[in-house]
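Here is the structure we will look at, set down as structure tokens.
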Amino acid sequence: MPKFKRLPAKFYHQNTFKIAEELLGKFIIRKIGKRALIGKIVESEAYYGPNDLASHASRGKTARTKIMFDQAGTAYIYLIYGMYYCFNIVTEAKDFPAAILIRAAEPINLSKKANGPGKFCRAFKIDKNLNGENLITSKKLYLVENPNEKIKKSQIKKAKRIGVDYAGKYKNKLWRFYLKNNQFVSKK
DNA sequence: CCTGGGATTTTCT
DNA sequence: GAAAATCCCAGGA
């Protein structure tokens, strides 16, 4: 097993879009008892600020979305379409709503595919119990440096977000990022 | 190749 | 009561 270096608090206190790009290639680790599930992040989507109509936070702070207003480095997990969980990483200062949806990961030691936000959570056994988890201190769910690979800017593709056609002018924002030529990206 | 609908439940109107 | 930051499968062209 290689030695994994956890991403520090400082990493989560950068600009949301920079983090969304830098997350690509990083490893996510989910510990369940003595087992660890590991995947490489290959696709992310940014949801930024109170005016982004695609963001849950655009309608203000509610019981569900209050986590998005929390401090950077918090996990925001919600149930979509009644059956799939989505995993997000909260960014920006407290009381500024922003988060990054992790859409896909390349399996390192996973038995299931993770090429889509719902499937990602299924593969990692992520559910509402982990909502609000602190990724900087958690023992169950956290992110680490990729010890084998450095991602270059030229490997990153920017694209429109998925499933947000209702979001007016925000639907065309290039706020989705993924690794070029990676077969585990949910949609090219 | 494409389009459309069902599953299932939380959330807001 | 309708819609939702999804996924999978069926059916038609």
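Since every read-out is calculated from the coordinates, none of them should be taken as a lab result. Every value quoted in this text rests on a predicted model; they were computed, and no experiment measured them. Cβ coordinates were reconstructed from backbone atoms using ideal geometry, including for glycine residues, and neighbour counts include every protein chain displayed.
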Hydrodynamic radius by Kirkwood, which averages 1/r over all alpha carbon pairs of region A:1-115, in angstrom: 14.9 Å
Cross-link pairs A:Lys18/A:Lys169; A:Lys5/A:Lys125; A:Lys128/A:Lys169; A:Lys5/A:Lys140; A:Lys34/A:Lys128 - those with Cα-Cα distance over 24 Å: A:Lys128/A:Lys169
Amide H within-cut-off set for A:Glu133, under 5 Å, with H built and near neighbours excluded: A:Ala75
Lys, Arg +1 and Asp, Glu -1 on Cβ, resulting dipole of region A:1-135 about Cα centre, debye, nearest 20: 700 debye
Surrounding net charge for A:Lys140, when Lys and Arg each add one and Asp and Glu each subtract one, Cβ distance under 9 Å: +2
Diffusion constant of region A:1-60 at 37 °C, which comes from Stokes-Einstein with the Kirkwood Cα-pair radius and 0.692 mPa s, µm²/s: 237 µm²/s
Relative contact order (percent, whole number), chain A, Cα cutoff 8 Å, 6+ residue spacing: 28 percent
Loop trypsin sites (Lys or Arg not before Pro), region A:21-81, which have at most 16 other Cβ atoms in a 10 Å radius of their Cβ (DSSP): A:Lys34, A:Lys61, A:Arg64
Chain A: calculated mean residue ellipticity at 222 nm from DSSP helix runs of at least 4, using -39500 (n - 2.57): -2500 deg cm²/dmol
Separation of alpha-carbon centers, region A:84-108 and region A:118-149, rounded to whole Å: 10 Å
Ascending count of other beta-carbon atoms within 10 Å, so fewest first, for A:Met68, A:Met83: A:Met83, A:Met68
Projected-area average for region A:60-139 over all orientations - Cα convex hull basis, square nanometres: 5.6 nm²
Over 23 Å (Cα to Cα) - which of A:Lys26/A:Lys187; A:Lys31/A:Lys160; A:Lys3/A:Lys157; A:Lys119/A:Lys187; A:Lys61/A:Lys171 fall in this group: A:Lys31/A:Lys160; A:Lys3/A:Lys157
Residue (of A:Ile136, A:Phe27, A:Asn181) at the positive-pole extreme of chain A, dipole from beta-carbon charges: A:Asn181
Inter-label distance for A:Lys94 and A:Ile162, nm, one decimal - labels placed 7 Å from Cα along Cα-to-Cβ: 3.5 nm
FRET E, pair A:Asn148, A:Arg59, Förster distance 41 Å, beta-carbon r, rounded to 0.05: 0.45
Overall Cα dimensions of region A:43-188, principal axis frame, Å, largest first: 40, 36, 30
